[in-house]
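As structure tokens, the structure follows; a few thoughts come after it.
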Amino acid sequence: MTMRYFANPDDSNKIYGYDEVLQAARIDAAVAAKWAEVTASWPPSPTMAQQWAAYQAEARAALSDSDTTMHRIAEGVALGTTSWTAADVVQWANFRRSLRAILSQAQPTTIPTALPPKPPYPVGT
């Protein structure tokens, strides 16, 4: 599918995209109406705010996904198969702390490209 994009002459903030095969008649109508074809990168690159929101959403999902591991750690501590001070448990807690920090901080000037690395699952959980 190849798309072509045209700016509405009455409202330049509105861009319409048409499939070249399925919507050829609409493309012809846009050209006939002298709508300007958008030839720059489209859709536009996400704004910094959108990138930050997406990064925070990834962090929120990773934090939520790690809840089960924390429950298993708590169960392991209760059963005596691990402890809260075991190195691998501390790594996991620090991983979650770094995810929460992402959620609580203001937007930085540079958006990271990846979340902090997930540590290995704690032994005994």
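Values computed for the structure shown
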item: Candidate set from region 52-96 (those that are aromatic (Phe, Trp, Tyr) and surrounded by 13 or more Cβ atoms within 10 Å (Cβ to Cβ)); member that is nearest to the chain's Cα centre (by Cα); result: TYR55
item: Qualifying position, being of a type in the set (A, V, I, L, M, F, W, C), assigned to a loop (DSSP other than H, G, I, E, B) and in contact (Cβ under 8 Å) with a residue 12 or more places away in the chain, among ILE27, ILE111, ILE102, ILE73; result: ILE111
item: Total residues in region 1-22, condition without any contact (Cβ under 8 Å) to a residue 12 or more places away in the chain and in contact with a strand residue (DSSP E or B) (Cβ under 9 Å, 6 or more places away or on another chain); result: 3
item: Residue check, SER45 surrounded by fewer than 16 Cβ atoms within 10 Å (Cβ to Cβ), of a type in the set (Gly, Ala, Ser) and assigned to a helix (DSSP H, G or I); result: no
item: So THR113, is it at pLDDT below 90 and over 15 Å from THR68 (Cα atoms); result: yes
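The values are calculated or read from the model by the stated rules, or taken from the named source; none is laboratory data. The structure presented is a predicted model; accordingly, all values stated were derived computationally and were not measured. A quick note on method: Cβ atoms are made from the backbone with ideal geometry, for glycine too, and the neighbour counts reach across all protein chains shown.
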